[in-house]
1. So which residues in the stretch 123-139 are surrounded by fewer than 22 Cβ atoms within 10 Å (Cβ to Cβ) and under 20 Å from GLU172 (Cα atoms), if there are any at all?
2. Within the stretch 119-137, identify whether any single residue is modelled with pLDDT under 60 and within 22 Å of LYS75 (Cβ to Cβ), and answer yes or no.
3. Pull out all pairs, ordered by first then second residue, where Cβ-Cβ is under 7 Å, the residues are six or more apart or on different chains, the first lies in the stretch 90-119 and is on the phi < 0 side of the Ramachandran plot, and the second is loosely packed, with under 11 Cβ neighbours inside 10 Å.
Amino acid sequence: MNTSNNTNYKPKDFAELLGVSVKTLQRWDREGILKANRTPTDRRYYTYDQYLQFKGIETESDNRKNVIYARVSTKKQKDDLQNQVTFLRQFCNARGIIVDQCIEDYGSGLDYNRKKWNQLLDEVMEQKIKTIIITHTDRFVRFGYDWFEQFCMKFNTNIIVVNNEELSPKEELVQDIVSISDDFSCSLYGLRKYKKQIEKDEEIAKEIQNKDKSDN
């Protein structure tokens, strides 16, 4: 589920976001506690601003940061990185979004130890980030994006995904898959090496035992 400032949520998604049941939302709608919006076909929906208001955050006085986040896997992709940044700045300018910070990151989308990425998440938890703007979900994280999106929403941070696949280098997916294979191979090699060492130690222990018996 991608989010933007104009996102509309179905009752089920909005209930999950608030941590309540759909029946509770229906009751709140009837009692005027949290009124649902209606489509021309009379379907209920909710907005991100309603979420912020429910959390007690005034949108007009919200002075948290709008952050552009761009990422590529290697330094060789510097041009791809700059293309992302240029595109996102143009996107924000066209929509009147003031960019407070631009983060240019290098590292695999499978790497959860990216320093700049972790610093960004720390600021999310510190309630310093209003919006994160990215070109594609895999620029933020290769797998598990939905979980991180919900994590950010819990701290009232909205992620705008522009969904420009042209700025999501396809060769990176191959590199990430290769890196998983390499890590797995290294792990297997380490286990085999460890097993051989154990077997070697056991042989040495048996030799010492046999030697002690013969000496006695």
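1. HIS136, THR137, ASP138
2. No.
3. Cβ pairs passing all conditions: TYR106/LYS75.
The values are calculated or read from the model by the stated rules, or taken from the named source; none is laboratory data. Being a predicted model, the structure only gives us computed values, none of them experimental. Note that each Cβ is placed from the backbone with ideal geometry, even for glycine, and that neighbours are counted across all protein chains shown.
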